[in-house]
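All remarks here apply to the structure that follows.
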Amino acid sequence: MQIEFDPSELIGALTELQRVQIPGASVKALNRAAYDSTRQLSDEASRAFQSPVPFTLRSFLYRKATIDSLEAKVFIRDDAPGGNAPANYLLPQIAGGPQYPTRFQGALLNTVVELSGGRSAQVLQRGKVMVPNFRSPKTRRNQYGNMSSGQFTQILTALRGNVSSADLYTGKYKTNNQKQSQYIYLDEEEINEPYFRRRLTNSPKPGIYFVNRNISGGRYYRVMTDSRIPRFNSKFKFNNIGIESFTESFIKNFKLSILK
């Protein structure tokens, strides 16, 4: 978004002194308006989204104006070392469209596991996403109601080199193994195998399962479900909120600076 201001339209006829004051007053007003906009965007985001994490609420940033560059910018953080950039995952909420593929989902796209019967499968297919199953007692939530980052890590570690469903099916993985519990991927064909079917604790759907081998015979809890990528309607009016807040703040603060 872009907003331009004409000082003469804001305060009418200008004296020579006021003309000299314009650059300094503009810098102060622009920077205050940019700051106020980020605070307003954060407040609106806290109301628009359910239990947003602090990182999201702090992702509305601004770049200051200077005497040499009478321009301030308000933007959404587009980097996140070790995580997902807010500018990416908020875009579908602002403009509408498919859910942003997180790093975890991208890792699943590049993960191939061994299945029973000598088959191999890519854990996640193009156009699909793994959605946490919060009805499962084995799905762990963090304080914001999302799946815990530790569980994401455990799932990837398990799928990328530990026990596969093929090991369980063939008996290679024994109950006296030190790793009593495990995460595995089961596809449509796998969940219809009698061996797995009778051990499922919830409805048989393709996805990622937590395997509790401490229980006699083993129990399989679906913690993530293979689903189509959801699409979102525009929910967060970033441009509207930013323009309204920035304009109101700039005009007020510019007049205070130049007319005092």
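Here's the yes/no breakdown for (1) surrounded by fewer than 18 Cβ atoms within 10 Å (Cβ to Cβ); (2) of a type outside the set (Val, Ile, Thr); (3) closer than 15 Å to residue 137 by Cβ; (4) modelled with pLDDT of 90 or more:
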position	(1), (2), (3), (4)
167	yes, yes, no, no
171	yes, yes, no, no
207	no, yes, no, yes
222	no, yes, yes, yes
231	yes, yes, no, yes
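Can you name every one of the helices (runs of 4 or more DSSP H) wholly within region 181-260 that holds 3 or more residues which are closer than 26 Å to residue 73 by Cβ?
Hits in region 181-260: 238-259.
Does region 37-93 hold any residues that are hydroxyl-bearing (Ser, Thr, Tyr), more than 16 Å from residue 245 (Cβ to Cβ) and either part of a helix (DSSP H, G or I) or over 13 Å from the mean Cα position of the chain (by Cα) (or both), and which are they?
Across region 37-93, the qualifying residues are 56, 66, 69, 89.
Kindly indicate whether any position in region 132-150 is more than 19 Å from the chain's Cα centre (by Cα), outside any strand (DSSP E or B) and without any contact (Cβ under 8 Å) to a residue 60 or more places away in the chain.
No; the residues of region 132-150 include none that is more than 19 Å from the chain's Cα centre (by Cα), outside any strand (DSSP E or B) and without any contact (Cβ under 8 Å) to a residue 60 or more places away in the chain.
Within region 96-128, take every residue that is hydroxyl-bearing (Ser, Thr, Tyr) and at pLDDT 90 or above and give me the one that is farthest from residue 159 (Cα to Cα).
100
Looking only at region 95-116, count how many residues are in contact (Cβ under 8 Å) with a residue 12 or more places away in the chain and part of a helix (DSSP H, G or I).
8
The values are calculated or read from the model by the stated rules, or taken from the named source; none is laboratory data. This structure is a prediction, so every number in the text was calculated from the model and none was measured. Cβ: placed from backbone, ideal geometry, glycine included. Neighbour counts: every protein chain shown.
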